[in-house]
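I have placed the structure first, in the form of structure tokens, so that the comments after it can refer back to it.
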Amino acid sequence: MTRLSAAQDVTTDAEYQAALQVLPADVRAYVQPQIRNVEEVTLDLGGYLQLKLPDLRVTYPLRVTPDHLTYLTDVVGRFTGNGRRGIDGTLHRVGGNTNAEELIDKVSLRVARVIAGVAEPMREAIERSPGVAIIGPPAVGKTTLLRDVCRIRLETIGAGLCVVDSDSELCGAGRIPHPLLARARIFRVGEPGRQARQLSQAIRNHGAEEVATDEVQPADVPLLMTAYNNGVAVTCSLHGRTIGNIVNNLERRILMGAVENPRDGTVSLREQPIFSLVIEVHGKGRYRVIENVPQAVARTLRGELPAYWYVGEWSDAQRQAAERLNLQQLGD
């Protein structure tokens, strides 16, 4: 897949069929007619089948039995330590929960959509920017954007991109990754405690030219700095709302080149930021882009607004709210 004209759902019929095939026949009969709208299938032992649709949950007159759960677990295999399994070649995810007797009593199938093209309006900046930071709060589309940024970076460096998939959200939790990022070298994390180890493996042992990871944790920061200092570009997502959140965060500010003076506690730009591009995610399809990252950090530290360009449909009120947010965080 190469250049797209706009964001689009590229989920294939085969991916929907793969989700249906893990379900028992009587459950499948309820799900199949509306599979393209189903977000989640919920099976709780002794309860009734539930489907989560956009803005709606529907309960069906099918009581969940042990046979339903056994069928599902036999098809998808043993759940990992974080209670998840994937479906090969898709982003779908099956979650299982055990009771006090360590028997599966709840299973949820998340039917994932693959949205590609969200990064296309920023393509030229992404192509010339090894190292992209994606900043945003939960549930605004950071992972979708990161996946699409990786798609574009893959066109430039191919297997030189190593994806450390923290929650199996980027490439899928199955043994075979989703085709969108299949050309990358993929390191699955599984257990949260393994993320730093997998990052270290990708950086030190597998010839990464660029490493991409979702949801950077404090333990990852020294490894990302080591990667950058050894010539490996870093692309990742970070929790926050603006670049100011990262600059003002004690554990993560070094990623932006901001260093605290131990003598007087002042923070200044003393290192080169490890990112060539910063994208703030302010809502689905609404982004603010910073290309001159050192200048943006310096201006943030002086209490000034960074220079942005806007992507997506922003109302005047939304732009003003975003700028107010910047000013509030500059004062923190």
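Relative to the first principal axis of the alpha-carbon coordinates of the chain, what is the inclination of helix 142-157, with its axis defined by its Cα atoms, in degrees from 0 to 90 and to the nearest 10?
Helix 142-157 sits at roughly 70 degrees to that axis.
Rounded to the nearest Å, what's the spacing between the alpha carbon centres of the range 265-332 and the range 137-186? Just the number, please.
Going from one Cα centre to the other spans 25 Å.
Quick one: among Val267, Val149, Val132, which has the greatest mean-square fluctuation in a GNM of the chain with alpha-carbon springs under 10 angstrom?
In this elastic network of the chain, the residue with the biggest mean-square fluctuation among Val267, Val149, Val132 is Val267.
Kirkwood Rh over Cα pairs of the chain into Stokes-Einstein at 10 °C, 1.306 mPa s: D in µm²/s?
Taking Rh from Cα pairs, D becomes 75 µm²/s.
Could you work out how much longer the chain between Ala25 and Leu325 gets when fully extended? Use 0.36 nm per residue separation minus the Cα distance between them, nm to one decimal.
Net length gain for the segment: 102.9 nm.
Quote the charge dipole size of the range 1-139 about the Cα centre in Debye, to the nearest 20; the model charges only the Cβ of Lys and Arg (+1) and of Asp and Glu (-1).
About 220 debye.
In whole angstrom, and with the biggest value first, how far do the Cα coordinates of the range 101-229 range along each principal axis?
53, 31, 29
Largest first and in whole Å, give the semi-axes of the range 98-165's equivalent ellipsoid, each being the square root of 5 times a Cα gyration tensor eigenvalue.
33, 14, 11
Under 5 Å between amide hydrogens, which residues at least 5 positions from Gly257 or on another chain qualify, with H placed 1.01 Å from N in the peptide plane?
Ile274
How would the range 8-110 be classified by its alpha-carbon gyration tensor: rounded, prolate or oblate, with rounded meaning a/c under 1.5 and the a/b versus b/c comparison settling the rest?
Oblate, since a/c reaches 1.5 and b/c is not below a/b.
Taking every DSSP beta bridge that has both residues in the chain, what percent is antiparallel when rounded to the nearest 5?
65 percent
The numbers here are math on the coordinates, done by the rules we state, and not lab data. In this text, all values refer to a predicted model and were calculated from it rather than measured experimentally. Neighbour counts are summed over all protein chains in view; Cβ atoms, including those assigned to glycine, are modelled from backbone coordinates with ideal geometry.
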